Amino acid sequence: MKKLFLKLQTALLSMVVLMMAMEGKSENILSTTIVGKGQPMILIHGMSCSADVWNEVTEHYKNEYEIHLVTLKGFGNRESVESEHFLKEVRNELIDYVKSNQLKNTVLIGHSMGGFLSLWAAAEAPDLFSKVISVDGIPYFPAVQMPGLTPERAQSMAQQMQSNMKNVSEEAFTQQQKMIIAGMIATPEKREQVVEMGINSNRTVITQAYGEMYTTDIRPDMNKIKSPVLVLGAWAAYEQYGSTKAAVENNYKSQCKDIENVKVAVADEAYHFIFYDEPEWFFDQVDSFLAAK
């Protein structure tokens with residue numbers, strides 16, 4: 001009788017653990033869509049975007065790579081999520097995803113916030129990724145326009161920005177999105193889709209992520225990265241503010257100087273969405289990096 005009771009107790013405990021695991025999984029921020037076959041390649045979109053920003057990139061690589069397109073709750077969709085530290089949780093889920101799916105020789109590519117997350121994941125799990133590509137994403141992006149800025153000093157700026165984003169009307173928010181994207185994409189016909197992604201995002205979720213980007217500086221972790229890294233930058237959108245290509249390139253190189261094996265390249269004319277504005281240059285850079293031994 002005692003043995004039967006112990007067996008029942010063990011079975012019940014196993015069911016509870018399984019239910020907890022399933023419940024935890026349903027609350028994940030990160031989900032994926034898989035396209036193509038071959039070496040694993042994970043694509044992480046940027047702020048207020050969806051995985052659709054990678055359509056051309058997916059088309060280019062789907063015959064050689066098994067592409068894992070990341071979707072985040074609240075980005076390009078109205079899903080809500082509660083997290084004490086959204087970006088850190090996404091980083092951890094990304095690492096867990098690669099491990100639990102036993103992905104090997106994985107290429108990790110991120111744009112903007114996704115590039116930041118790619119660098120952070122590579123620092124946190126140095127042996128997990130074969131190569132990392134950050135498309136206009138760096139360890140601390142506010143320092144591009146405001147050199148010397150620290151997360152502590154940026155705290156009040158982040159709070160003000162979050163308040164403004166949360167409290168404006170839908171009409172004003174739409175106009176904000178149009179203005180922001182016009183400064184991020186030089187190719188007019190590519191703007192509307194990205195504006196719609198922003199409008200369709202969960203404003204509470206993306207404002208939290210924006211704030212965390214201002215207050216999370218991962219430059220001290222860059223010396224932990226073992227993977228070869230390609231960082232693609234853009235400067236043309238900053239020209240009207242007096243910036244130069246050389247200044248932006250030097251800033252990017254300074255932020256990435258502690259990465260052991262890194263190449264930094266800055267596009268000539270592209271704005272923030274480099275794969276839209278200079279696709280030929282973008283694919284030349286990425287193809288060469290992926291082919292290198």
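Among residues of segment 38-74 being in contact with a Ser or Thr (Cβ under 6 Å, 6 or more places away or on another chain) and free of Cβ contacts under 8 Å to residues at least 60 places away in the same chain, the one that is surrounded by the fewest Cβ atoms within 10 Å (Cβ to Cβ) is 71. One residue stands out among those in segment 69-112 that are of a type in the set (Gly, Ala, Ser) and under 14 Å from the mean Cα position of the chain (by Cα): the one that is nearest to residue 292 (Cα to Cα), which is 110. The condition of being touching a residue at least 40 places away in the same chain (Cβ under 8 Å), within 22 Å of residue 259 (Cβ to Cβ) and among the polar types (S, T, N, Q) does not hold for residue 207. One residue stands out among those in segment 155-202 that are farther than 21 Å from residue 278 by Cα and among the β-branched types (Val, Ile, Thr): the one that is modelled with the lowest pLDDT, which is 168. So which residues in segment 173-208 are in a helix (DSSP H, G or I), of a type in the set (Val, Ile, Thr) and within 20 Å of the chain's Cα centre (by Cα), if there are any at all? Within segment 173-208, 180, 181, 194, 195, 199, 204, 205, 206, 207 meet the criteria. Could you please find all residues in segment 89-111 being touching an Asp or Glu at 6+ places or on another chain (Cβ under 8 Å) and either touching a residue at least 60 places away in the same chain (Cβ under 8 Å) or part of a strand (DSSP E or B) (or both)? Scanning segment 89-111 gives a single hit, 111.
Condition check: aliphatic (A, V, I, L, M) and surrounded by fewer than 19 Cβ atoms within 10 Å (Cβ to Cβ). Does residue 81 satisfy that? So residue 81 fits the description; yes.
Any idea which of 263, 253, 257 is charged (D, E, K, R) and either crowded, with 19+ Cβ neighbours inside 10 Å or in a loop (DSSP other than H, G, I, E, B) (or both)? Break it down into steps so the answer makes sense when it comes.
Working: 263 fails: either crowded, with 19+ Cβ neighbours inside 10 Å or in a loop (DSSP other than H, G, I, E, B) (or both); 253 fails: either crowded, with 19+ Cβ neighbours inside 10 Å or in a loop (DSSP other than H, G, I, E, B) (or both).
The unique qualifying residue is 257.
Criterion applied to 204, 150, 187 was being of a type in the set (Ser, Thr, Tyr) and under 19 Å from residue 84 (Cα atoms), and the one residue passing it is 204.
Please pick out the residue among 277, 284 that is touching a Phe, Trp or Tyr at 6+ places or on another chain (Cβ under 6 Å) and more than 18 Å from residue 220 (Cα to Cα). None of the other options fit; the residue is 277.
Out of curiosity, is residue 51 at pLDDT below 95 and within 20 Å of residue 95 (Cβ to Cβ)? Considered against the rule, which asks whether it is at pLDDT below 95 and within 20 Å of residue 95 (Cβ to Cβ), residue 51 comes out as no.
The values are calculated or read from the model by the stated rules, or taken from the named source; none is laboratory data. Values in this document were obtained by computation on a predicted structure and should not be read as measured data. So basically every Cβ, Gly included, is an ideal-geometry build from the backbone, and we count neighbours across all protein chains shown.
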